[in-house]
Amino acid sequence: DSFTMKHISKDDIVTIPEGVTVDIKSRQITVTGPRGTLKRDLRHIQMDIQRPSKTEIRVIVWQGGRKHVACIRTVCSHISNLITGVTKGFEYKMRFVYAHFPISANIDNKGSETIVEIRNFLGEKVVRKVLMHPGVDVIQSTNVKDELVLTGNDIDSVSQSAASIQQITRVRNKDIRKFLDGVYVSSKDTIVKDN
């Protein structure tokens, strides 16, 4: 389209903290830190990822339209999430919400797999089972009633596991303004807290 304005180049910079090594090879990014190693494949996005210095990553789009330029921030967010994951980790807290039938959860660790079983949702006899993504740990809070805590290094795995738990307790064929039962994400934080 000849009418859309193209930028010659647009860029953004991600700073790498101490104790973290980032390896970039043809848009495949490997980040290693005190908590472990995370990999991310960004080959589906056309852009330059450069290392101007040891502590910086520069993401550049050449001759990009509006939608293409928007990918810069996306890639920078992906990289900074990887860095946060290997330094601080991610922690999602979920609460059980129920008006009448108390929801109960059981965490089943079968070898490398972790399964969360949800019982008595709306008084139903069916046991809902959710398989956690690899690298995600689930515990039930001891100090807070009706709370699950999901932790892990990969934000995608932690958030998708939380979403799967929330989605399996959807209320069907009822007025969802009245039936507010479910398991909902109550807070998102890092495992290592900022003081």
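The values are calculated or read from the model by the stated rules, or taken from the named source; none is laboratory data. Predicted model, so just to flag it, every value in this text is computed and none were measured. Ideal geometry is used to build each Cβ from the backbone, glycine not excepted, and the neighbour counts take in all protein chains shown. Heavy atoms of the whole protein, side chains included, go into the accessibility calculation; ligands, DNA and RNA do not. Shrake-Rupley method; radii C 1.70, N 1.55, O 1.52, S 1.80 Å.
Within region 127-144, residues that are under 20 Å from Asp156 (Cβ atoms) reach partners that are small (Gly, Ala, Ser) and surrounded by fewer than 12 Cβ atoms within 10 Å (Cβ to Cβ) with beta carbons closer than 8 Å, at six or more positions or on different chains, in the pairs Pro134/Ser112. Of all the numbered requirements in (1) at pLDDT 95 or above; (2) not in a helix (DSSP H, G or I), Val61 misses one, and that requirement is (1). Remark: Asp48 matches the filter, which requires a residue to be over 22 Å from Ser159 (Cα atoms) and either open to solvent by 60 Å² or more (accessible area, probe 1.4 Å) or not aliphatic (A, V, I, L, M) (or both). Taking residues in region 85-98 that are within 16 Å of Val136 (Cα to Cα) and open to solvent by 60 Å² or more (accessible area, probe 1.4 Å), and partners anywhere that are among the aliphatic types (A, V, I, L, M) and at pLDDT 95 or above, the pairs with Cβ atoms closer than 7 Å and at least 6 places apart or on different chains are Lys93/Val149. Annotation note: of Asn81, Asn106, Asn120, the sole residue that is under 21 Å from Asp137 (Cβ atoms) and either exposed (fewer than 12 other Cβ atoms within 10 Å of the Cβ) or over 22 Å from the mean Cα position of the chain (by Cα) (or both) is Asn106. Of the residues that make up region 28-37, is at least one outside any strand (DSSP E or B) and of a type in the set (Ser, Thr, Tyr)? Checked against the condition, which is being outside any strand (DSSP E or B) and of a type in the set (Ser, Thr, Tyr), region 28-37 yields no hits at all. Of the numbered criteria (1) within 28 Å of Gln166 (Cβ to Cβ); (2) surrounded by 13 or more Cβ atoms within 10 Å (Cβ to Cβ), the one Lys39 fails is (2).
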